[in-house]
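Data block below; observations after.
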Amino acid sequence: MFISGIRSEQCCETTARVASDLGYQVSYITEATMTFPMQHKGITLNEDEIKHRTECMLINRFAAIRSVEQCLQELS
């Protein structure tokens, strides 16, 4: 299962976690996700920081982190 979409840290991450819990092999395609800067307690995380954090939470537990190119090769 390939995961891409909007709100890397919400919709995409949650979908990857649930899919993994349901037994799917999940490939998370970070470069095919999008998010927006977020602020909490006066600290702003930019898009790249949020995507990096999401990868850290998913890798080797819920999903394999893949590039678009890697996914296309897997489909060939």
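Details
- Flag for residue 22 being open to solvent by 90 Å² or more (accessible area, probe 1.4 Å) and among the aliphatic types (A, V, I, L, M): yes
- Among residues of segment 54-76 being of a type outside the set (Val, Ile, Thr) and touching a helix residue (DSSP H, G or I) at 6+ places or on another chain (Cβ under 7 Å), the one that is most open to solvent (accessible area, probe 1.4 Å) is 57.
- Residue in segment 14-21 that is in contact with a helix residue (DSSP H, G or I) (Cβ under 8 Å, 6 or more places away or on another chain), under 19 Å from residue 74 (Cα atoms) and part of a loop (DSSP other than H, G, I, E, B) present: no
- For residue 50: the one exception among (1) more than 15 Å from residue 67 (Cα to Cα); (2) surrounded by fewer than 17 Cβ atoms within 10 Å (Cβ to Cβ); (3) touching a residue at least 24 places away in the same chain (Cβ under 8 Å): (2)
The values are calculated or read from the model by the stated rules, or taken from the named source; none is laboratory data. Note that the structure is a prediction, hence the values are computed from the model and not measured. Counting neighbours? That spans all protein chains shown, and the Cβs are built from the backbone with ideal geometry, glycine included. Accessible surface is based on the protein model in full, side chains and every heavy atom, while ligands, DNA and RNA are left aside. Shrake-Rupley method; radii C 1.70, N 1.55, O 1.52, S 1.80 Å.
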